[in-house]
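Computed from the coordinates by the stated procedures, all read-outs in this text should not be read as laboratory data. Please read all numbers here as calculations on a predicted model, not as lab measurements. Please note: Cβ atoms are built from the backbone with ideal geometry, for glycine as well, and neighbour counts cover all protein chains shown.
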Amino acid sequence: MTRLQVLGVSGSPVKDGNTDVLVKAILETAGVESEFVKLSDLRVGPCNACMRCTFMNLCVVEDDFVQLAEKVMEADALVLGSPVYYGTVSAYTKAFMERLFSKRHVHLRLKGKLAATVAVGEVGEVETAAWMATALDRQGFDLVGSISAKGTPCCFACGAGETCAYANWNATAPEVTGEDYGYAEAYRGYLEILPDNVPLVHGSAKILRCRSVKDEPAVIVETERIGRLLGDRLGGDTG
Ligand SMILES: Cc1cc2nc3c(=O)[nH]c(=O)nc-3n(C[C@H](O)[C@H](O)[C@H](O)COP(=O)(O)O)c2cc1C
C-alpha cells in the first residue's frame, strides 16, 4: 500500500461546495498519494485544555480526532480548507486546529510538514487565510501557499435572500458598518441590490446567478499553481 503524502481536510459542512472543490483541486494537481476528509463527516470536538497531551503529544479526548491525527502524522503535507463563518474559520476547522495543539508541546511534532490553505467567503476570506497561516505556522507547518476566494453566498441558496433585510450583503453594508467591504462590487453580475432595499429594515434584491469558484479561471489557475508547488516539494508527478 502506498503511503499517504497529502491529507486534505475540509472544514465546510457543504458537500462539494467551493471549499471542497479547491481543496480537492490542490490534491489532484499535487499528483501524489492523497486523501480527502470532511470534518463534518467526523466527530472532532474542541480542545478541553486538560493538558494531558503535554508529554506524549497524544490527545486523550475520545472522538474521531484520534484516527485523524494518525493521518496528519503520516502525511507529509496538510491542505486545510475552511469557509468563512462569522469572520473566521468554521467551528469544524477551529476545533480541528485546537486539537492539533496536542502535537505541539515540547516536541513540535508537526515541524517540517508542508501546508496549503483554502479560505472561501463573501468578505472575510483574506483575513481568514491569514488566521489559518498563523495558526499552522505556530504548529510548525511550512506554508507553501494560501488561496482565498469569493464563494457562493449562503443567502443565495436559503430561499429568503431576495427579500431579507438581514442578508449578508445587508448586514455588511457600508451604511450599517461604516466600512465598505466591497460586497456589491464583488458580487456584481451575481446580485442586484434594488433601489428600495434598506439594510436591516427592508430587503429587496435580485439574485441573478450562483457564484462558483469553478467558473473563476484566476482562482483555478492559482489553486493549481499551489498544488503543483506542493507536488514539486514532495517529489510528485505534477506534469
Ligand atoms: C453560519 C455562517 C456564517 C457566515 N459568516 C460569514 C462571514 O462572517 N463572512 C463571510 O465572508 N461569509 C460568511 N458566510 C458565508 C460563507 O463564507 C460562504 O457561503 C462560503 O461560500 C461558504 O463556502 P462553501 O461554498 O465552501 O460552502 C457565512 C455562512 C454561514 C453558513
With r defined as the distance between the Cβ atoms of residue 184 and residue 61 and R0 fixed at 41 Å, what FRET efficiency is calculated, to the nearest 0.05? 0.40
Whole-number percent relative contact order across the stretch 153-210, with pairs defined as alpha carbons under 8 Å at least 6 apart: 39 percent
So for R0 = 45 Å, FRET eff. of residue 165-residue 42 from the Cβ-Cβ r, to 0.05, ends up at 0.80
Relative contact order in percent for the chain (Cα pairs under 8 Å, 6+ apart) equals 22 percent
Calculated from backbone phi, Karplus (6.51, -1.76, 1.60) coupling profile of the stretch 198-211 in Hz, x at Gly/Pro: 10, x, 6, 10, 8, x, 8, 8, 10, 8, 8, 6, 6, 10
At 7 Å along the Cα-to-beta-carbon direction for both residue 221 and residue 134, put a label point, then send me their distance in nm to one decimal. 3.1 nm
Which chymotrypsin sites (Phe, Trp or Tyr not before Pro) does the stretch 76-142 hold that lie in a coil by DSSP with at most 14 other beta carbons within 10 Å? 86
Based only on Cα atoms, what mean projected area does the convex hull of the chain have, in nm²? 14.1 nm²
Springs between alpha-carbon pairs under 10 angstrom, Gaussian network model over the chain: which of 134, 172, 163 fluctuates most? 163
Give me the three principal axis extents of the stretch 153-210 from the C-alpha atoms, as integers in angstrom, largest value leading. 27, 22, 20
The chain: antiparallel DSSP beta bridges as a percent of all, rounded to 5: 20 percent
Which of 48, 18, 168 ends up with the largest GNM mean-square fluctuation for the chain, with Cα atoms connected below 10 Å? 48
If I take R0 = 25 Å and measure r between the Cβ atoms of residue 50 and residue 15 in this structure, what FRET efficiency does the formula 1/(1 + (r/R0)^6) give, to the nearest 0.05? 0.15
Under 8 Å for C-alpha pairs, at least 6 residues apart: give me the relative contact order for the stretch 59-173, rounded to a whole percent. 24 percent
Two-site label geometry, residue 126 and residue 33: point separation in nm, points 7 Å out along Cα→Cβ: 4.0 nm
Once the piece of chain linking residue 200 and residue 214 is laid out straight, how much longer is it, given 0.36 nm per residue of separation minus the C-alpha distance between them? 1.9 nm
Would you look at the GNM of the chain, springs on alpha carbons closer than 10 Å, and say which of 91, 157, 133 moves the most? 157
Which angle from 0 to 90°, rounded to the nearest 10, does the C-alpha axis of helix 65-74 make with the longest principal axis of the chain? 70 degrees
Kindly work out what percent of the DSSP beta bridges joining two residues of the stretch 31-150 are antiparallel, to the nearest 5. 10 percent
Using every alpha carbon pair in the stretch 69-152, what percent of pairs falls into each 5 Å bin from 0 up to the bin containing the largest distance? 3, 17, 27, 25, 16, 9, 3, 0, 0
Could you give the nm distance between label points at residue 142 and residue 106, where each point is 7 Å from its Cα heading toward the beta carbon? 2.6 nm
